[in-house]
1. For the pair R180 and N134, what calculated FRET efficiency results from E = 1/(1 + (r/R0)^6), where r is the Cβ-Cβ distance and R0 = 35 Å, to the nearest 0.05?
2. Using a simple spin-label model with points 7 Å from Cα along the Cα→Cβ vector, what separation in nm is obtained for S6 and S83?
3. Setting aside same-chain residues fewer than 8 positions from K196, which lysines have a Cα under 16 Å from its Cα?
4. Any lysines with Cα under 19 Å of the K58 Cα? List them, leaving off those in the same chain fewer than 8 positions away.
5. Using 7 Å Cα-to-Cβ label points, what is the Q107/S191 separation (nm, one decimal)?
6. For region 66-119 and region 120-134, compute the distance between their C-alpha centroids and round to whole Å.
7. Stretched out fully, how many nm does the piece from H53 to V16 gain, at 0.36 nm a residue minus the Cα gap?
8. Please give, to one decimal in nm, the separation of the simple spin-label points placed at V123 and S204, each 7 Å out from Cα toward the Cβ.
Amino acid sequence: CVSTQSEILSREVYLVSRLDDTRGNNNSQNINNNNNTNGGHSLELHEEPTTTHVGHMKAVCFLRPTEINIGLLVKELASPRFSEYHLYFSGILPPPLLDLLAENDAQDRVRQVQEFYADFLPVNPDLLSLNCRNTLPMTMTTNNAATTARAANNTNARDTKDLYQRNLMGLQSMLLALKRQPAAIRYQRSSEMARKIAADIGESIG
């Protein structure tokens, strides 16, 4: 349904958008209204991010600390649409990426930067998922030298690297959220990938 401006202003609402969303017209907004359990509304706002400015509003961004997402934030801060930006990252934000954000926040719109470890999906109290698919090629390119050589000239090599980083960040986030620092990490000795990810996790949270 369509909400009127007076109805929106009479409620506590949240406008949800994506940093990489380029849909919509320059002078129009398409709002989908969804009832919330606490009496408020959650509104999905489709707009043209490069032309629509809402300087009276504040932005809360929750995203993974990746180079692509930092690039989108840098692009956003170059022509900010909102009066303030409150940034929450789902994992460890590397210092070089934090420095890059600070250097490109020329208008001092970023009010806070925090790490909120939630880069995983709880399924049961004793089970979680990283929601990563097609992980088998990642292990094949590590355990087999010939396959690794072929992968170096393959366009899927970068995707495999990104998939490894996604798994690493998800496991880091899970351990930090549970406030666990294992004294030793067990892994399958015959798996080079298991050894590598165990070593990287131990180094990052040690």
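1. It comes to 0.80.
2. Calculated label separation equals 2.5 nm.
3. In chain and number order, the partners are K161.
4. By straight Cα distance, K58 reaches K75.
5. Rounded to a tenth, the inter-label distance reads 4.7 nm.
6. Cα centroid of region 66-119 versus Cα centroid of region 120-134: 26 Å apart.
7. Working: separation 37, 0.36 × 37 = 13.32 nm, distance 1.46 nm.
Full extension of this stretch gives 11.9 nm more.
8. Distance between label points: 2.1 nm.
Every number in this text was worked out from the coordinates using simple rules, so none of it is lab data. Here the structure is a predicted model, which is why all the values come from computation and not from measurement. All Cβ positions, glycine included, derive from the backbone under ideal geometry; neighbour counts span all protein chains shown.
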